[in-house]
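The values are calculated or read from the model by the stated rules, or taken from the named source; none is laboratory data. Because the structure is a prediction, the values reported are computed rather than measured. So basically every Cβ, Gly included, is an ideal-geometry build from the backbone, and we count neighbours across all protein chains shown.
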Amino acid sequence: MRDRVLLALRAGEAASEALDERLGGDHSSTLSELVREGLVERDDMWGVSYRLTQAGRAQCPRWRDICGGS
């Protein structure tokens, strides 16, 4: 699930609700873990949203790596 969240944020900042809708389910624990690890940054200024940090971008998998494509 971590890889899917990182990949979803690769396109840019996203609201928590939008991520849950896009990925199907509640991902708050995964997001909290990624924030603690410094891979994702949380912004509470205009509601809760998340974005990749530089470290998160470096850890972000490629879609083909997740799907097993070549």
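Listing for the model above:
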read-out: Cβ pairs under 9 Å, 6+ apart, first in segment 10-36 and modelled with pLDDT under 85, second in a helix (DSSP H, G or I) and not hydroxyl-bearing (Ser, Thr, Tyr); value: ASP26/ASP20
read-out: Subset tally (residues that are surrounded by 12 or more Cβ atoms within 10 Å (Cβ to Cβ), part of a loop (DSSP other than H, G, I, E, B) and not β-branched (Val, Ile, Thr)) for segment 27-53; value: 4
